[in-house]
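The values are calculated or read from the model by the stated rules, or taken from the named source; none is laboratory data. What you see is a predicted model; the values in this text were computed from it and never measured. Using ideal geometry, Cβ is built from the backbone for each residue, glycine included, and neighbour counts are taken over all protein chains shown.
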């Protein structure tokens, strides 16, 4: 089981908007880099992503957040979930979608690309029954109907269930830690980045 929240970026958005936690505390809990969290606060990152309240989902307690707000050295830990998602066996065959709902697929794909970039093309294909070519065209805005495509939750459209979406996001989150560690090794901390900028400004002329 992953030690990070189900929807890391949406959780980070909520924590930035509703708490006084430091960028480093939020980044550590959500498996992100502090600069990504700063980007959320500056509205340069995660535009259009609705915040996910980790308290209402049982992933954090209000007491944990209040203690961490008082002490920036405290690192938040994922609370033991009060419920477990039922096991959903991935389907090997492409999902069948009624003709009446097929026209909604581009909207659902666009929503997932915006809100869950951690999901791979293969995840999208299994989740809502589409093709790699269609995903590529929507991502590159090369779809014939691009000007009319809007981001709409696939659960709302009836293209998948909330359980299936949560399962796909959880599976992607379990893949994420390895990628995050690899990325973090090549990035400087927020303090190092700020310090480097100060060094350039205050350095002696050659």
Selected residue (criterion: nearest to residue 46 (Cα to Cα)) from residues of region 115-151 that are under 16 Å from the mean Cα position of the chain (by Cα), assigned to a helix (DSSP H, G or I) and in contact (Cβ under 8 Å) with a residue 24 or more places away in the chain: 115
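Which residue, of 179, 147, is at pLDDT 85 or above and either surrounded by fewer than 17 Cβ atoms within 10 Å (Cβ to Cβ) or in the same structural domain as residue 50 (by TED's automatic domain parsing) (or both)?
It is 147.
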